[in-house]
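Chemist: Quick one: structure below, then a few questions.
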């Protein structure tokens, strides 16, 4: 068991320390962006320098930046942003990495989240990205005002989203073997026409390793997908009180954290949650002979984090049926002659999820008066996509679950 340390929330005044006993180790949060911040990276590679060291059980404070690195650390947020530029190369800034003393390659690192302090502002994008961009046209940006209880936005009037903060990214650094395997399989997928995020040097940090003039610009992993090392898991249940189990591929593990979300529905369907900067306090524990994490991290916590934030809900179900002649966008790279001619795909959970999501978007539009872009964002930050069943062939089932208490009387 990890002893939870009582925190004094004036820690912003604490001088950063490197591995001292009984002190809070502060990581990141300086400089105007991740490249200028010596405690920030936005790529993954075993040769990334590790400048911070912590003992197991020591409290670590990660001063984490938002996913697009546009809001700044929470200590410098003063006025609500009017517009937010996109920079694909800057995604995702992560505070760290941190060397955990005594952790060896082959160990398991248990990371327990103690507390998350959200920034003042957040944002959610919709329209041309996410899970069903073909069903929602145009561009849309919602800017949110955040406090410890709820989020509100003038761009989507009439709703309050309860605080359910969590880090989208919790990761360790890959080892050289894992890096080679990942690069090979993702390049193979790209060659086949599959959607994948290959190494990209523009905007990379650290620049000396991953940037355009770095020593390994074509080897640094993007943080877009999750992998065996953790990464961009985007699991909304990783809230304060939850522990995540990560595999250590290098000595010291290289713990890093970022992509903070104020709230998100299961699926993060528009491609973004309520993205924010935040301060996150964690502790760690080293586990020898831990569980097999070769197919992804494990996590545990109190069951209350599994609940929907509402007394009432409305749900739409989806099964894998479609119009004859159509092919789901995610299957286009397969160049199949069979798929377009079918109106029912066997056990296709992706198509079932698309249908459930399309149905809940249409419900929000028809019932509450929002346009489809607004509804897409509402679905991304509040709707849970849940697997209903996987065994009733050919029609596996997905449910889109909308909490109704987020709506008030100030609708469009």
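Chemist: Per DSSP H run of at least 4 residues, take -39500 (n - 2.57); add these up for the chain, divide by its residues and hand me the 222 nm value, nearest 500 deg cm²/dmol. Walk me through the numbers on the way to the answer.
Modeler: Values: 4 runs with 51 residues, N = 412.
Calculated at 222 nm, the ellipticity per residue is -4000 deg cm²/dmol.
Chemist: Once the Cα atoms of helix 372-382 and of the chain are each reduced to a long axis, what angle between those two axes, in degrees from 0 to 90 to the nearest 10, is obtained?
Modeler: 50
Chemist: Could you work out the relative contact order of region 11-306, using alpha carbon pairs under 8 angstrom and six or more residues apart, expressed as a whole percent? Working shown, then result.
Modeler: Working: 794 pairs, mean separation 86.4, N = 296.
Reported as a whole number, the value is 29 percent.
Chemist: Moving on. Give me the distance between the Cα centres of region 125-184 and region 198-272, rounded to whole Å.
Modeler: If we compute the Cα centre of each part, the gap is 13 Å.
Chemist: Decide, for region 93-218, between rounded, prolate and oblate: order the square roots of the alpha carbon gyration tensor eigenvalues as a ≥ b ≥ c, take rounded if a/c falls under 1.5, and otherwise choose prolate if a/b is larger than b/c, else oblate. Kindly include the intermediate steps, with their values, before the conclusion.
Modeler: Numbers: a/c = 2.23, a/b = 1.34, b/c = 1.66.
Oblate is the answer for region 93-218, as a/c is 1.5 or above yet b/c matches or exceeds a/b.
Chemist: Which percentage, to the nearest 5, of the DSSP beta bridges contained in the chain is antiparallel? All intermediate terms of the calculation are to be shown ahead of the outcome.
Modeler: Values: 67 of 73 bridges.
Approximately 90 percent, going by the DSSP bridge assignments.
Chemist: Against the longest alpha carbon principal axis of the chain, how many degrees, from 0 to 90 and to the nearest 10, is the axis of helix 176-191 turned?
Modeler: Approximately 20 degrees, to the nearest 10.
Chemist: Enter the angle in degrees (range 0 to 90, nearest 10) between the Cα long axis of helix 349-368 and the first principal axis of the Cα atoms of the chain, meaning the one along which they spread out most.
Modeler: 80
Chemist: With 10 angstrom as the radius, rank 101, 149 by how many other C-beta atoms surround their C-beta, starting from the fewest. Walk me through the numbers before you get to the answer.
Modeler: Working: 101 15, 149 8.
So the residues, fewest neighbours to most, are 149, 101.
Chemist: Sticking with this one: Give the separation of the Cα centroids, region 44-81 to region 323-350, in Å.
Modeler: With region 44-81 and region 323-350 each reduced to a Cα centre, they are spaced 42 Å.
Chemist: Continuing with this model, one more query. Please express the Cα-Cα pair-distance distribution P(r) of the chain as a list of whole percents, one per 20 Å bin, running from 0 to the bin with the greatest distance.
Modeler: 27, 58, 15, 0
Chemist: Within region 287-314, name every residue whose backbone N is under 20 Å away from a label modeled 7 Å from Cα of residue 387 along the Cβ vector.
Modeler: Taking a point 7 Å out along Cα→Cβ of residue 387, the residues of region 287-314 whose backbone N falls under 20 Å are 292-301, 306-308.
Chemist: Additional query: Taking every pair of alpha-carbon atoms in region 254-412, give the share separated by more than 19 Å as a whole percent.
Modeler: Values: 8281 of 12561 pairs.
So the pairs more than 19 Å apart make up 66 percent of the total in region 254-412.
Chemist: Along the principal axes of its C-alpha atoms, what lengths does region 313-406 span, in descending order and rounded to whole Å?
Modeler: Principal axes ranked by extent give 44, 28, 19 Å for the Cα atoms.
A short reminder: the numbers here are calculations on the coordinates, not readings from a lab. The structure presented is a predicted model; accordingly, all values stated were derived computationally and were not measured. Neighbour counts run over all protein chains shown; Cβ positions are idealised from the backbone, glycine included.
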